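What follows is one structure encoded as structure tokens, with my remarks underneath.
The values are calculated or read from the model by the stated rules, or taken from the named source; none is laboratory data. Bear in mind that the values here come from a model prediction, so they are computed numbers and not experimental data. Positions of Cβ are backbone-derived with ideal geometry, glycine not excepted, and every protein chain shown enters the neighbour counts. SASA here: full protein model, heavy atoms, side chains in, ligands and nucleic acids out. Shrake-Rupley method; radii C 1.70, N 1.55, O 1.52, S 1.80 Å.
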Amino acid sequence: MFEFFGHTRTLQDGVPSYVGSYSVSTVIVSILIAIAASYVSFQITEKNIAHRSGASRHGWIALGSIALGSGVWSMHFIGMLAFQLPIEVRYDPTMTALSAAPAVMASAIALHTLSRDRLSFKRQLCAGILMGAGIGAMHYTGMMAMRMHAVI
């Protein structure tokens, strides 16, 4: 149960249940970050296509994966900060930093897969599945970074 205004505390089966709220402006910022990261990644991917071989190609893939992966991570983390509970929520700095790694690695694999000379439906599907798995791994690693006096 979510409310967009105010915090309330209810009892559900004798267990305290907290209702949170979302900061709409913070959610909008996270969406704008996702749009910007996607745009930058597509621009970098275009450079990658122009350099089909050599070290510069791998450099563009690395740069694109950092842009896309960190953009996806930032969007999700800021989205998590938009959700406010009536209890203190903290984040373990090491786990929070590590949660970006699956998104960046999945982006690198997906961009490498998509930058091949022949782009087939099978490659697109594979890249999409890998990207989704990376985002899922990023999400659950980020959830492990949360510290609060509640069970999620």
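Annotation note: of M75, M80, the sole residue that is modelled with pLDDT under 90, open to solvent by 40 Å² or more (accessible area, probe 1.4 Å), part of a helix (DSSP H, G or I) and within 29 Å of S25 (Cα to Cα) is M80. Looking across the range 113-152, just one residue is touching a strand residue (DSSP E or B) at 6+ places or on another chain (Cβ under 7 Å) and in a helix (DSSP H, G or I), and that is A145.
Just one of the numbered conditions (1) touching a helix residue (DSSP H, G or I) at 6+ places or on another chain (Cβ under 7 Å); (2) over 30 Å from V19 (Cβ atoms); (3) modelled with pLDDT of 90 or more is not true of G128: (1).
Looking at R52, R9, which one is modelled with pLDDT under 85 and not in a loop (DSSP other than H, G, I, E, B)? Lay out the reasoning, then the answer.
On the way: R52 fails: not in a loop (DSSP other than H, G, I, E, B).
Result: R9 is the single residue among R52, R9 that is modelled with pLDDT under 85 and not in a loop (DSSP other than H, G, I, E, B).
If you go through the range 91-112 and keep only what is under 15 Å from the mean Cα position of the chain (by Cα) and not in a helix (DSSP H, G or I), you end up with just S99.
Only residues that are more than 21 Å from W73 (Cα to Cα) and at pLDDT 85 or above were counted across the range 98-125, and they come to 6.
What do you reckon, is L63 free of Cβ contacts under 8 Å to residues at least 24 places away in the same chain, hydrophobic (A, V, I, L, M, F, W, C) and surrounded by 13 or more Cβ atoms within 10 Å (Cβ to Cβ)? Spell out how you get there, then give the answer.
Details: free of Cβ contacts under 8 Å to residues at least 24 places away in the same chain: yes; hydrophobic (A, V, I, L, M, F, W, C): yes; surrounded by 13 or more Cβ atoms within 10 Å (Cβ to Cβ): yes.
Yes; evaluated as a whole, the condition is true for this residue.
Would you please name the residue that is surrounded by the most Cβ atoms within 10 Å (Cβ to Cβ), looking only at residues in the range 102-142 that are in contact with a Gly (Cβ under 8 Å, 6 or more places away or on another chain) and free of Cβ contacts under 8 Å to residues at least 60 places away in the same chain? In this case the residue turns out to be A103.
Look at S25 and say whether it is open to solvent by less than 40 Å² (accessible area, probe 1.4 Å), at pLDDT 90 or above and assigned to a helix (DSSP H, G or I). The answer is no for S25.
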